[in-house]
Amino acid sequence: MAIDSQTTTTTTTTTTTTTATRTAIGELGAAAPGSERLTGRAKLVLFVLCAAQFMVALDFSVLNVALPVLGKDLGLSRSALQWAVTAFALPSGGFLLLFGRIADLYGRKKLFLLGLALFGAASLLATLAWDPASFLAGRALQGLGAAVIVPTGMSLLTTTFPEGPLRDKAVGISGTLLSLGFTIGMVLGGVMTDTLGWRSTMGLLAVTAVIVLALAPGLLPESRTPDRPRLDVPGAVTVTGGLLALIYSLSTAAQRGFGGVDVWGTLLAGLALLVAFAVVESKSPAPLVSLPMLKRRTIAWGNIGGLVTFSMMSTVVFALTLYLQETLELSSFRTGLVFGVQGIASAFAGSYAPKVIGRFGARRTLTGSLLGQGLFTAALLTVGAGSGALVATVAVSLASMCHLGAIISYGLTVTSGVPDAEQGLATGLVTTTQQVGLTIGIPLLGVLATTQASLFDGVRTVLAIDAAIVVAAAVLVGLGLGGGRTRKV
């Protein structure tokens, strides 16, 4: 009887949420489920959500080339420059799951708008920073705003656009802009720093946040879980603390290696907190993360695929940057052109990825994309110590096209078949995987490129290991997901 009652409650909740979602779709004027057409209003909603995701992606890379100039202007030592990146990465990765769940319970649109306001104010603070403390405070608040924007924006997207061609197209466009944001940030950051100064990079983010915040209230539908179970505070504390410790240790290791006591101490503390989180969730009546959800093949293997594609591609970009500038002695401008071609290739792939997914299914596309990323990364091993810029440009562009396919298909794999009431949680897992992946790749492998006697040999070692990991992951993910075309578990 208890089981029947629970099933009835779950069915009622899911039906209520689905009805609300369909109502929101109707308000948008989107085409019926199964259609590939987006109305004008639906396109505006998609624009707002994608612009927010693009803004956050841009923030990851736009400041990187400006760090030396920024350090001299604000008085940040070379060893302290890492905190310009770490101060953003810590909160943006550590609080994703928490804010994704809060949005499920109290309103995704409401929290999305708060995140935009916080991000915009923080970007303005970073633009006007007068000393290291004020700048780092702005970066930390930017990261906190990003931790709100990313999961709420993604869950608004997946609950607004119905599963099928419409969602495939929406996620495809979002994934393309996400990838382009990282690439364009590297090129745009250099141009803006040289012409307008480093503060212009932060000012651009503030202006973008204001524009999106002005458009969003009148366009986005509100959505939340119909019932409001109590927030799992012990789970929130352990998972947030664990992710913060893990990201801090790996970010610090990227700069100083794994020899420091603080690196190992925070790494072990982070792992211990994540183990405690699993124990807490297994006993909680209203867990932050449903452990049965993590046992679903699509969620478990989809997130593994996402973790590998993000971590290994970030490592490729890092190693290739060293190769182009240090080994081939290309200028920053010419190096930026290489990554500009990579960005164009990614945009091209993003426009076709939904069609590929529609034909072969998200699972097969994820497996094939990972395999392609690994093989084209291996092709980078053919470059030489004295030449190879053209080969590197072609190979990394093809690898990025496959990487983009993996980004889109893993997001669809993880979120497909998940009830709307749990979409914030599912998309929180997607974005947490993305964030952790971007954080761990360079510390785990990139350090090999800078610690060997020959930089060129170090880069080749990194690329070889990187390619092997991605190919192995493609095989394991393919076996774990199975070959079915179905979107649901």
Of everything in the range 177-198, what is at pLDDT 75 or above, open to solvent by 50 Å² or more (accessible area, probe 1.4 Å) and more than 29 Å from residue 399 (Cα to Cα)? Give them in sequence order.
195, 196
Can you go through 127, 158 and tell me which one is within 30 Å of residue 419 (Cα to Cα), touching a Lys or Arg at 6+ places or on another chain (Cβ under 7 Å) and of a type in the set (Val, Ile, Thr)?
158
Reported set for the range 117-130 where residues are under 11 Å from residue 207 (Cα atoms) and open to solvent by less than 10 Å² (accessible area, probe 1.4 Å) is 119, 123
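Going by what's in this entry, would residue 116 be described as at pLDDT 75 or above and within 18 Å of the chain's Cα centre (by Cα)? Reasoning before the result, please.
On the way: at pLDDT 75 or above: yes; within 18 Å of the chain's Cα centre (by Cα): yes.
Yes.
Please work out if residue 309 is polar (S, T, N, Q), within 21 Å of the chain's Cα centre (by Cα) and at pLDDT 80 or above.
Values: polar (S, T, N, Q): yes; within 21 Å of the chain's Cα centre (by Cα): yes; at pLDDT 80 or above: yes.
Judged against the criteria, residue 309 is a match.
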Within the range 330-346, can one find any residue that is modelled with pLDDT of 80 or more and charged (D, E, K, R)?
no
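Test residue 386 against the criterion of being more than 17 Å from residue 472 (Cβ to Cβ) and among the small types (Gly, Ala, Ser), and give yes or no. Before you say what the answer is, go through the steps one by one.
Values: more than 17 Å from residue 472 (Cβ to Cβ): yes; among the small types (Gly, Ala, Ser): yes.
Judged against the criteria, residue 386 is a match.
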Return the pairs, sorted by first residue and then second, in which the second residue is open to solvent by 60 Å² or more (accessible area, probe 1.4 Å) and in a helix (DSSP H, G or I), the first residue lies in the range 371-391 and is within 16 Å of residue 341 (Cα to Cα) and touching a residue at least 40 places away in the same chain (Cβ under 8 Å), the beta carbons are less than 9 Å apart, and the residues are 6+ apart or on different chains.
380/391; 380/460; 388/382; 389/334
What about residue 44, is it surrounded by 14 or more Cβ atoms within 10 Å (Cβ to Cβ) and at pLDDT below 70?
no
Consider the range 47-87. How many of its residues are assigned to a loop (DSSP other than H, G, I, E, B) and either farther than 19 Å from residue 325 by Cβ or modelled with pLDDT of 80 or more (or both)?
3
Flagged in the range 247-292 as assigned to a helix (DSSP H, G or I), in contact with a helix residue (DSSP H, G or I) (Cβ under 8 Å, 6 or more places away or on another chain), surrounded by fewer than 17 Cβ atoms within 10 Å (Cβ to Cβ) and at pLDDT below 75, in numbering order, are 256, 291
Name the residue, out of 155, 174, 223, that is open to solvent by less than 50 Å² (accessible area, probe 1.4 Å), at pLDDT below 80 and touching a Cys at 6+ places or on another chain (Cβ under 8 Å).
174
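The values are calculated or read from the model by the stated rules, or taken from the named source; none is laboratory data. This one's a predicted model, so the numbers in the text were calculated from it and none came from an experiment. Ideal geometry is used to build each Cβ from the backbone, glycine not excepted, and the neighbour counts take in all protein chains shown. Quick note on the areas: whole protein, heavy atoms, side chains included, nothing else; ligands and nucleic acids left out. Shrake-Rupley method; radii C 1.70, N 1.55, O 1.52, S 1.80 Å.
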